[in-house]
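S.K.: Encoded as structure tokens, here's the structure I'll be asking about.
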Amino acid sequence: MPHYIHYFTYDKSAWRGMVEHPEDREDAARKVIDAAGGRLLAFYWMAGDYDGFTIFEAADAVAAQAVSAAVSASGRIADVKTVRLLDKGEVRRSLEAAKLIATVYDPPGGFVKEWRAEYDVLGDAWGT
């Protein structure tokens, strides 16, 4: 199954409630992800732009977005960002495809010959 990461930020009322009544939010995350047919792999709090993140498996982007929509609909999440993660096989396949696709890309700024010269050392990617 594809893996996703959700970065989340709680709103002020959620923080107020959690300070007044501390609770383990990992269990709540697991339940909502399970309900979407996924599986929670990690739950972390963090310092920075977001309050925390989850890493989870989901059948597809629709299921991952359903999790995001469900938690956002609570009104207690100020921001959530969902990112699809790629495994090493997917990265390898995307790089192999990029090698072929790059031969037809004209970069901005009009430096096509100079840019493509760097790829000429790789040979003709199209096999002609």
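The values are calculated or read from the model by the stated rules, or taken from the named source; none is laboratory data. All figures in this text were calculated on a predicted structure; none of them were measured in a lab. Glycine also receives a Cβ, built like all others from the backbone with ideal geometry; neighbour counts cover every protein chain displayed.
S.K.: Search segment 1-53 for residues being among the β-branched types (V, I, T) and under 20 Å from A69 (Cβ atoms), and hand back the single one that is farthest from the chain's Cα centre (by Cα).
M.R.: Restricting to residues being among the β-branched types (V, I, T) and under 20 Å from A69 (Cβ atoms), the top hit is V32.
S.K.: Can A73 be described as loosely packed, with under 14 Cβ neighbours inside 10 Å and either modelled with pLDDT under 85 or under 21 Å from R30 (Cβ atoms) (or both)?
M.R.: Answer is yes for this residue.
S.K.: Got a number for residues in segment 28-85 being of a type outside the set (V, I, T), in contact (Cβ under 8 Å) with a residue 60 or more places away in the chain and either touching a Ser or Thr at 6+ places or on another chain (Cβ under 7 Å) or in a loop (DSSP other than H, G, I, E, B) (or both)?
M.R.: So the count comes out to 6.
S.K.: Does D11 qualify as being in contact (Cβ under 8 Å) with a residue 60 or more places away in the chain, among the charged types (D, E, K, R) and surrounded by fewer than 17 Cβ atoms within 10 Å (Cβ to Cβ)?
M.R.: yes
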